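See below for the structure under consideration.
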Amino acid sequence: MMARLKKQVCRVVLDYFDKTYTNELGDQWQTVKEVLTTPGLWQYAVLLNNFQCSLETKKQLLLHGYQQLTHHTFPESLNCYINRNPGKFPSQRHQTGRIKGYYILNASSLLPVLALDVKHGESVLDMCAAPGGKSVTLLQCASPGHLHCNEPDIHRSRWLKETLESFVPASHMNAISTSELDGRLIGKAHANLYDKVLVDVPCSNDRSWLFSSDAEQAARRISERKILPAIQTGLLRSAIHALRPGGSVVYSTCTLSKAENSSVVSDVLNSCRDVLPVDLSDMANTLSHEFTFATHIPHGLLVLPHKGKAWGPMFVSKLIKL
């Protein structure tokens, strides 16, 4: 955690965010900004790995002030612990042939998987799967008949495979496949194949971008932000093609950007007549005690980081194919 505290906020990115998010979020931006620019306020959740569950780990979590995040809508097999206080539970190092007991994550990362609502035996595609946290979460919720984890970037693909090796026993790997395809091409190559598709798209990650290492990197990232919606739209359309009729897709990002969130979903809904949006307001209502949700967000939910609920940003939208 100390390494994070030494990072400096990039003024170029902060100025850009001030202008953009004041316009999009109004007064809410100042509260969100305080959390995003102060790593000392950040919280981390601990997802237990059911394949290697340790009673000692549970005892340590409770001893350090963690409590289980529960709700009647959660799968009973989902064991995630959160702490009201900032800080990070010690991570476990990757060791070949050894299964880790838990995964450290931002609790808002659970929401896309919960929205996808995978059932046992279903065929599932995680289109942009690295580093693998949502794939691991999915496997804690259900046992899919086939889980296809795709990641086109070669370096991130290695990270994904290492994550799967760290959390999934060899005896369960026969139900999982990995690939390094351009997600925008999967829809045509695997049309009408999957029951569920998760599209956690590459996005302008607000947390990491605020700590860009230099002004040149920051300017390049801001420039790249203009082309991201077109890539994201292509990925979501491809996901819809890959779905069987009656199947559902969840689209998610870790940015506050309207252009990358509701605008992408609106564009797809306006151009694809075989999908309908799913109302996620019940999820927001039932989880409002742990997450702060923005109001009046079209076609989805947007988690806003707040003190004591420093989860997010996370945008989640769900569509069903007719």
How many times 2.2 N^0.38 Å is the alpha carbon radius of gyration of region 62-220? 1.11
Quick note, region 116-194: a/c under 1.5 would make it rounded; otherwise a/b > b/c is prolate and the rest oblate (a ≥ b ≥ c, C-alpha gyration tensor); here it is oblate
Counting C-alpha atoms alone, how compact is region 196-319: give Rg to one decimal and Dmax as a whole number, in angstrom. 15.2, 47
What dipole magnitude, in Debye to the nearest 20, does region 117-232 give about its Cα centre under +1 on Lys/Arg Cβ and -1 on Asp/Glu Cβ? 200
Using alpha-carbon coordinates alone, the radius of gyration and Dmax of the chain in Å work out to 18.9, 52
Using 0.36 nm per residue, how much length does the chain from Ala189 to Glu162 gain when fully extended, once their Cα-Cα distance is taken away? 7.1 nm
Choose one answer from Pro305, Pro112, Pro169: the residue with the largest mean-square fluctuation in a GNM of the chain with alpha-carbon springs under 10 Å. Pro169
Taking a threshold of 22 Å on the Cα-Cα distance, which of the pairs Lys59/Lys100; Lys19/Lys309; Lys58/Lys88; Lys119/Lys258; Lys161/Lys188 fall above it? Lys19/Lys309; Lys119/Lys258; Lys161/Lys188
Give, in whole angstrom and from largest to smallest, the semi-axes √(5λ) of the equivalent ellipsoid of region 22-118, with λ running over the eigenvalues of the Cα gyration tensor. 28, 17, 13
For a quick check, take a GNM of the chain with Cα springs below 10 Å and name the residue from His120, His241, His71 with the largest mean-square fluctuation. His71
How far, in nm, would the chain grow between Glu56 and Lys19 when pulled straight, counting 0.36 nm per residue and subtracting the alpha carbon separation? 8.6 nm
Mean separation of Cα contacts under 8 Å (6+ apart) over length of the chain, as relative contact order %: 19
Counting DSSP beta bridges with both ends in the chain, the antiparallel % (nearest 5): 55
What whole-number value in Å² describes the accessible area per residue of the chain for a 1.4 Å probe? 46
Could you tell me what fraction of 2.2 N^0.38 Å the Cα radius of gyration of region 255-322 comes to, as a two-decimal ratio? 1.17
Please list, or write none, the aspartates and glutamates whose alpha carbon is within less than 13 Å of the alpha carbon of Lys7, excluding same-chain residues fewer than 8 places away. Asp214
So, in nm, how far is label Thr31 from label Asn205 when the simple model puts each one 7 Å beyond its Cα toward the Cβ? 2.6
Length gained, Asn174-Arg220, 0.36 nm per residue minus C-alpha separation, equals 12.5 nm
To the nearest 20 debye, the chain has a Cα-centred charge dipole, built from +1 on Lys and Arg Cβ and -1 on Asp and Glu Cβ, of 580
Applied in sequence order to region 230-241, the curve 6.51 cos²θ - 1.76 cosθ + 1.60 (Karplus, θ = phi - 60°) yields integer Hz couplings, x standing for Gly and Pro, of 5, 5, 5, 4, x, 5, 5, 5, 4, 4, 5, 4
So the carbon and sulfur contribution to the accessible area of the chain, 1.4 Å probe, in percent, is 52
Between Asn270 and His64, Cβ-based FRET efficiency (R0 41 Å, step 0.05) works out to 0.30
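The values are calculated or read from the model by the stated rules, or taken from the named source; none is laboratory data. Source: prediction; values computed, not measured. In this analysis, Cβ positions are derived from the backbone assuming ideal geometry, glycine residues included, and neighbour counts consider all displayed protein chains. Heavy atoms of the whole protein, side chains included, go into the accessibility calculation; ligands, DNA and RNA do not. Shrake-Rupley method; radii C 1.70, N 1.55, O 1.52, S 1.80 Å.
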